[in-house]
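Below is one structure, written out as structure tokens; comments come after it.
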Amino acid sequence: MNNYKLILAYDGTPYHGWQMQDNAITIQQCLSDAIERIFGEKCTIYGSSRTDKGVHAEGFCCNFRSEKDRDCEKIAYGLNAVLPESICVLECHKVGEDFNARFDARGKQYTYKIWNSRRRNPFLLDKALHHPVPIDAQMLNEQAKDYIGTHDFSAFCAAGGTTVSNVRTIFDCSVERQGDMVIFKVKGDGFLYNMVRIMVGTLLDINSGKIQKGSIPEIIESRSRLSAGITAKAHGLYLSEVYY
């Protein structure tokens, strides 16, 4: 049995997230259809995470198994020829038969992009959050460091999460400005439902004064979703990399 690992990039705008759903177009469904066309068989695809509707990816990892032995470069070329233009296979590799993109993941990095200008940028429609109020990126970078460490992040989990434990470890977290673009990056061993979007929303509320500076440790300690900030919109979020 051959086990193929794929690295994908995709624009999540047209899709209802990664995971297959009834009566909805998803990335997993499109990829499954493409693999069936190339391999002539249905293959189960294991994804590294379940990105939500409108969320993008720069380095999403998944794998599937097939008895057919194919050249990886030809697989990538063939899949890209039949996939929608909003989905691209960046890499294809053969891996050990036991590899599972979800359960073998040791960490992930997410990026959240904010267009911080009074005027919207039409070229960033659905690709970055438009936030016209000035952002103090240096101040938020200092505030974001309070996310680092091993904590119970229940305050940063939206209703509907199904994890057994809400304890996660954040390895690194930063906010930086690149012209009018403000970029939030976070790397951790795992993330709860809407966790990154709530982390970003909390920082934006600190920037606006709705939440007091230095409050993130107290919010974490409260374990209450009501203590944290808004949930930032999905279209600014990117799954940047999965670590194994």
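Quick note: the coordinates plus some simple rules give every number you see, no bench work behind them. Quick caveat: nothing in here was measured; it's all calculated off a predicted structure. Here the Cβ is made from the backbone with ideal geometry for all residues, glycine too, and neighbour counts use every protein chain on show.
The residue of the stretch 92-114 that is nearest to Tyr238 (Cα to Cα), among those that are among the charged types (D, E, K, R) and surrounded by 14 or more Cβ atoms within 10 Å (Cβ to Cβ), is Lys113. The set of residues in the stretch 21-37 being surrounded by fewer than 17 Cβ atoms within 10 Å (Cβ to Cβ) and either in contact with a Pro (Cβ under 6 Å, 6 or more places away or on another chain) or farther than 19 Å from Tyr77 by Cβ (or both) consists of Gln21, Asp22, Asn23, Ala24, Ile25.
Among residues of the stretch 61-72 that are in contact (Cβ under 8 Å) with a residue 24 or more places away in the chain, those with a Cβ under 9 angstrom from a residue that is surrounded by fewer than 16 Cβ atoms within 10 Å (Cβ to Cβ) and aromatic (Phe, Trp, Tyr), sequence gap 6+ or separate chain, pair up as Cys61/Tyr244. So for the stretch 207-225 (the condition being under 20 Å from Trp115 (Cβ atoms), hydrophobic (A, V, I, L, M, F, W, C) and either assigned to a loop (DSSP other than H, G, I, E, B) or in contact (Cβ under 8 Å) with a residue 24 or more places away in the chain (or both)), does at least one residue qualify? No: zero hits. Among the residues of the stretch 176-204, the ones that are of a type in the set (Ser, Thr, Tyr) and either in contact with an Asp or Glu (Cβ under 7 Å, 6 or more places away or on another chain) or surrounded by fewer than 23 Cβ atoms within 10 Å (Cβ to Cβ) (or both) come to 1 in all. For beta carbons closer than 7 Å, sequence separation of 6+ or different chains, a first residue in the stretch 38-54 that is surrounded by fewer than 16 Cβ atoms within 10 Å (Cβ to Cβ) and a second that is assigned to a loop (DSSP other than H, G, I, E, B), the qualifying pairs are Arg50/Gly17; Arg50/Trp18; Arg50/Gln19.
For the stretch 158-171, the tally of residues that are under 21 Å from Ala57 (Cβ atoms) and in contact with a helix residue (DSSP H, G or I) (Cβ under 9 Å, 6 or more places away or on another chain) stands at 4.
Looking at the stretch 62-73, can you tell me whether even one residue there is surrounded by 15 or more Cβ atoms within 10 Å (Cβ to Cβ), among the hydroxyl-bearing types (Ser, Thr, Tyr) and under 21 Å from the mean Cα position of the chain (by Cα)? No: the stretch 62-73 contains no residue that is surrounded by 15 or more Cβ atoms within 10 Å (Cβ to Cβ), among the hydroxyl-bearing types (Ser, Thr, Tyr) and under 21 Å from the mean Cα position of the chain (by Cα).
Residues that are within 14 Å of the chain's Cα centre (by Cα) and part of a helix (DSSP H, G or I) were ranked within the stretch 226-244; the one that is nearest to Asp11 (Cα to Cα) is His235.
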